[in-house]
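Below is one structure, written out as structure tokens; comments come after it.
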Amino acid sequence: MADSAATISRPRVLSGMRPTGKLHLGNYMGALHNWVNLQNGGQYDCYFFIADWHALTTDYADPSNVLQNTKEVILDYLAAGLDPAQSVLFVQSHVPQHAELHLLLSMITSLGWLERVPSYKEQQENLVGKDLTTYGFLGYPLLQAADILIYQPKFVPVGQDQVAHVELTREVARRFNQYYKLDGRDVLPEPDSLLTPSPKLPGTDGRKMSKSYGNTILLSDPEPEVRRKLKTMVTDPARVRRTDPGDPDKCPVGDLHKVFSPHQTIEKVYAGCRTAGIGCIECKGWAADSLVQILNPIQQRRASYSDSDVQDVLKEGANRARARAEQTMVEVRAAMQLTPMPQAVR
Ligand code: TRP
Ligand code: SF4
């Protein structure tokens, strides 16, 4: 059991994703794959969750997809190799302590800090048609700070896009520790981002793979779908005719090969493309072969979990996360000199 008295306690890592629906290869290479490696390295006590409350900050007007998306993401976590026997896997809203810490941290967080987080203005401009002038949306990064600080983790493995949120988290922890101590000690250690270098992954249109561009290959796409999507993928624009040589370094299919194909294939691609010895259709077929190789074990694991297995995983995850979160809250409440709860209430 994570963090039980019987095990030597390891430093913790914590990360999460919003439930955006079935995950794609970009999510996998950008985050999930790194999480699985952290878990399997055995150095850390790992906590990974699904930020369903964060989904509501933008989707409050129509929350009808959040539940289904949460189920898809937990299945993708399991499919990718996150193992409930090794990591604590849970849903944010199952651990109400996150909301309590969010509230308490809101007392010491100045509006200016939140207004200056880059994603605040960016998202308001990008998500046209949604009214994001809400309290909940402004508080998005503070809720994230609570998600993080409540597990007192050493590291938060995230992509570059989340670094500003971890910075705010550190600022909030620093202010908390200045105001409140427990027996002279700090209660909320400042965590560090753990940026794992991840390869740039193009989608079928050559832009960064992203759900909002509609250019993704899903972890759960069956083989024929993967092959179909690869066929539509853009290539080096220099190869207009079959006899024109090309350059895999200027081709999104070439980028996929570099991430997913074995050495020999990559060599065949470079040699064949530059001499026009191979055609793009053949080359795309090889890229599809490589993707199918990666996706096969992921899809087999996905299929091995029944609905009731997932319910069990989430139940056990919620229990373990709550127990760990409550430990921190006991310290936080005491440091803030809140009235101790009478025994009978607890
Ligand atoms: N904001 C993150 C994202 O969009 C999701 C998230 C919420 C998160 N709480 C977190 C990530 C805590 C790491 C730690 O992907
Ligand atoms: Fe791209 Fe392959 Fe065609 Fe070269 S042969 S342009 S790498 S798809």
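The values are calculated or read from the model by the stated rules, or taken from the named source; none is laboratory data. Please read these numbers as outputs of a predicted model, since none were measured by experiment. A quick note on method: Cβ atoms are made from the backbone with ideal geometry, for glycine too, and the neighbour counts reach across all protein chains shown. Quick note on the areas: whole protein, heavy atoms, side chains included, nothing else; ligands and nucleic acids left out. Shrake-Rupley method; radii C 1.70, N 1.55, O 1.52, S 1.80 Å.
With (1) at pLDDT below 95; (2) open to solvent by 30 Å² or more (accessible area, probe 1.4 Å); (3) closer than 22 Å to Val95 by Cα as the list, and Pro63 as the residue in question, which single condition is left unmet?
(1)
Residues being of a type in the set (S, T, N, Q) and either near ligand 2 (Cβ under 9 Å from one of its atoms) or surrounded by fewer than 12 Cβ atoms within 10 Å (Cβ to Cβ) (or both): count how many of those fall in segment 233-265.
3
For a quick check of your reading: which helices (runs of 4 or more DSSP H) sit entirely within segment 214-305 and have at least 1 residues that are of a type in the set (Gly, Ala, Ser)?
Answer list for segment 214-305: 252-260, 263-274, 280-303.
Quick grid of which residues meet (1) closer than 20 Å to Lys211 by Cβ; (2) within 16 Å of ligand 2 (Cβ to nearest atom); (3) in contact (Cβ under 8 Å) with a residue 12 or more places away in the chain:
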site	(1), (2), (3)
Val13	no, no, yes
Trp35	yes, no, yes
Cys46	no, no, yes
Ala55	yes, no, yes
Asp62	yes, no, no
Asn69	yes, no, yes
Ile74	yes, no, yes
Asp83	no, no, yes
Leu104	no, no, yes
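More than 12 Å from ligand 2 (Cβ to nearest atom) and out of contact with any helix residue (DSSP H, G or I) (no Cβ under 9 Å at 6 or more places or on another chain) - does that describe any residue in segment 278-290?
For segment 278-290, residues more than 12 Å from ligand 2 (Cβ to nearest atom) and out of contact with any helix residue (DSSP H, G or I) (no Cβ under 9 Å at 6 or more places or on another chain): absent.
Of all residues in segment 187-207, how many are modelled with pLDDT of 95 or more and open to solvent by 80 Å² or more (accessible area, probe 1.4 Å)?
Adding up the residues that qualify gives 1.
State the number of residues belonging to segment 105-151 that are among the aliphatic types (A, V, I, L, M) and under 13 Å from His165 (Cα atoms).
The total comes to 9.
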